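Undergrad: I have a structure here, written as structure tokens, and I will follow up with some questions on it.
The values are calculated or read from the model by the stated rules, or taken from the named source; none is laboratory data. Quick caveat: nothing in here was measured; it's all calculated off a predicted structure. Note that each Cβ is placed from the backbone with ideal geometry, even for glycine, and that neighbours are counted across all protein chains shown. Side chains included, ligands, DNA and RNA excluded: accessible areas come from the protein's heavy atoms. Shrake-Rupley method; radii C 1.70, N 1.55, O 1.52, S 1.80 Å.
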Amino acid sequence: MKAMHDTMTPQRPITLLICALGGEGGGVLAQWLVETALHCGYSAQASSIPGVAQRTGATTYYIEVFPRPDSELGGRKPIFSLAPVPGALDVLVSSELLETVRQVGNGMASPDRTQIISSRERTLTTAERLQPGDGRADTAELAAVLHTHGREAHLFDMTAVTLDAGTVMSAVLFGAVAASGALPFAREAYEAVIKAGGRGAEASLRGFARAFDIVAASRGRGVTTVAPAPAAAAREAEADTLDDGAPASAAALAPAIAQAFPAPTHRMLGLGIARLVDYQDGAYAKLYVERLGRVLQAEHAADPAGAHGFAATQSAARYLALWMAFDDVVRVADLKTRRSRFERVRRETKARDDELLRVYEHFKPGIPEVAAMLPAGLGNRIKRWDVARQQTGKPPVEFPLKIGTHTVFGYLALRMLAAVKPLRRHGTRFAAEQAFIERWLDTIVAGLRSDWSLGHEIAECGRLIKGYGSTNERGKGHMLHVIDHLASDAKTGAPPERAQAIRALRNAALSDASGKALDKTLREHGAPPRPIAPQPIRIVRKRPGANAAGVG
């Protein structure tokens, strides 16, 4: 018995838990790992638990590999577990940072045992997207959790590596696991399994090699943040624009504009100009510059030395560009038919060049969207008619549409809608938005003339204007309340006090979509409550006897 016991030591399997989001090839990865073990003469087993929708969990793949080859086991077969045990993992691998932390929160990692390999890339959860403000979990704090709860952590941008190699995420995860040293296999064994896959092997080997080198170079050095790959740098530059759909680079400022505005404002100013030229035309961008000139002049008077780095002008430049480029049916049609979008869809669906990809766009425009493009007189009459209908209990008029942009008819229909961009200036919504923008700018200027901090906080209130439909209208209502009762009313306190109150109100509005936090903050600062928005009561009549069986 003693001899047999010595033959079987160590008896504990090597345990790996791999977390992959939908479409990342987690099943292929699990199969590769098992095939590598079998190819090398080791026993292995893999099981999986599917994730659920809306980013509440990745699909997890649990793998156990016995650390001794079958030839040394004397004909015995190891018994494997089908599910991971908290704290008993040798390797935790995940393609998304928050998902990795979620697994750590479930107790899967052990500080004295588990190697953690994770992408620094984020796929925002539904809860993060629903926040009116910035609801993202802090990346640095998430990384610190992994550093604390793992024996060693290797963090790098796996999405960037995947894109640079022109491969799939599973190949990158495979390379990361191979380089961890947790499994007793040579690099060539892993590569042989990829090569046996045939088609796509060359790209998979590139992704494997890139991830292998990154993790191998960082082993033994604790938490490692790898510099973004070229594709990641390009995506970061694009993400650092004003908003989705904006040009990826700032416009080169004309000498006269560069001379008129201080250097700290140039980058944001260039991004705003590029966005508005793309959105409408050069004349619209010129109006943007003129509007910012008024804010800059007031900020110069309030802070001649520029001690605050012209923060008020920079804030106004950012949020003014976003507001002036408000979303409408023309903008949506334009963005959905751009070549860059088709390329992104094909990339995200991993469609090959020889495969036909069908893309259907679903729209549900209502009376507000239609009236927005009509002249003020006609547009306002149609809107009043629709509101009157809803007040009688009738549903709003909507036009559900399903358009295939992969077809000639569907594509041309949206391009024709995008081509009416010049008519936008004559629409009802355009006039309403410009009037509201001017009111906001006038309040910023007045605030700066009174106190720099007051003007800056009013400029930051541009964050409240976002989204479309009811979200957009709610943000405007919040801003209007701030302008009427705090920004312009000296009765609510001295300018510095009003600035603090406005900052508190803005943060409250951005933290809670229901408005409860905002109402509480309004009371704390002595401001009047928001008016109650009227809501129609819809009565649904039942047919006689329709629910007779349920009457008690």
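Undergrad: To the nearest whole percent, what portion of all C-alpha pairs in the stretch 445-494 is separated by more than 13 angstrom?
TA: For the stretch 445-494, the fraction of Cα-Cα distances above 13 Å is 59 percent.
Undergrad: In debye, nearest 20, what is the charge dipole magnitude of the stretch 435-532 about its Cα centre with +1 on Lys and Arg Cβ and -1 on Asp and Glu Cβ, if you could check? All intermediate terms of the calculation are to be shown ahead of the outcome.
TA: Details: 14 positive and 12 negative charges, 48 e Å.
Once rounded to the nearest 20, the dipole reads 240 debye.
Undergrad: Oh, and also: Give the label of the value calculated from the structure for volume of the Cα convex hull per residue in Å³, choosing from [x] 247; [y] 167; [z] 189.
TA: [x]
Undergrad: Ok, one more. How large is log10 of I(q)/I(0) for the stretch 316-355 at q = 0.25, 0.26 Å⁻¹ when the intensity is taken from the Debye formula with one equal scatterer per alpha-carbon?
TA: -0.83, -0.85
Undergrad: I'd like to know which of ALA192, VAL329, ALA274 lies farthest towards the positive end of the charge dipole of the chain, counting +1 on Cβ of Lys and Arg and -1 on Cβ of Asp and Glu.
TA: Toward the positive end, the furthest listed residue is VAL329.
Undergrad: Can I ask one more? Given points 7 Å out from each Cα along the Cα-Cβ axis, report the GLU438 to ARG541 separation in nanometres with one decimal.
TA: Taking the simple label geometry, GLU438 and ARG541 are separated by 4.9 nm.
Undergrad: Round to the nearest 0.05 the FRET efficiency obtained for SER47 and GLU497 when R0 = 41 Å and r is the Cβ-Cβ distance.
TA: The formula returns an efficiency of 0.10 here.
Undergrad: Evaluate the charge dipole of the chain about its Cα centre and quote only its size in Debye, nearest 20, assuming +1 on the Cβ of each Lys and Arg and -1 on the Cβ of each Asp and Glu.
TA: Charge dipole, the chain, about its Cα centre: 1940 debye, nearest 20.
Undergrad: Counting DSSP beta bridges with both partners in the chain, what percentage is antiparallel, nearest 5?
TA: Taking every DSSP beta bridge with both residues in the chain, the antiparallel ones total about 55 percent.
Undergrad: Which value at 222 nm does the chain reach when only helices count, each DSSP H run of 4 or more adding -39,500 (n - 2.57), with the total divided by all residues and rounded to the nearest 500 deg cm²/dmol?
TA: -15500 deg cm²/dmol
Undergrad: Ignoring any ligand, DNA or RNA, what whole percent of the accessible area of the chain comes from carbon and sulfur when the probe is 1.4 angstrom? Spell out each step's value before the answer.
TA: Numbers: 15880 of 28080 Å².
Carbon with sulfur: 57 percent of the solvent-accessible area.
Undergrad: Treating only the Cβ of Lys, Arg, Asp and Glu as charged (+1, +1, -1, -1), what charge dipole size does the stretch 245-343 show about its Cα centre? Round to the nearest 20 debye.
TA: Dipole of the stretch 245-343, to the nearest 20 debye: 220 debye.
Undergrad: Just reorder CYS461, CYS40 by solvent-accessible area, largest first, 1.4 Å probe, all chains present.
TA: CYS40, CYS461
Undergrad: So how far apart, in nm, are the two label points at GLU473 and GLU343 if each is 7 Å from Cα heading toward Cβ?
TA: Placing both labels 7 Å along Cα→Cβ, they lie 3.9 nm apart.
Undergrad: Taking 0.36 nm per residue of separation and subtracting the Cα-Cα distance, what length does fully extending VAL408 through ILE79 add?
TA: 112.6 nm
Undergrad: Which lysines have a Cα less than 27 Å from the Cα of LYS336, not counting those fewer than 8 places away in the same chain?
TA: LYS286, LYS350, LYS364, LYS383, LYS402, LYS421, LYS466, LYS476
Undergrad: Among SER488, ALA217, VAL387, whose Cα lies farthest out toward the positive end of the dipole of the chain, if unit charges sit on the beta carbon of Lys, Arg (+1) and Asp, Glu (-1)?
TA: Going by the Cα projections, it comes out as VAL387.
Undergrad: Roughly how many Å² is the accessible area per residue of the chain, as a whole number, for a 1.4 Å probe?
TA: For the chain, the solvent-accessible area averages 51 Å² per residue.
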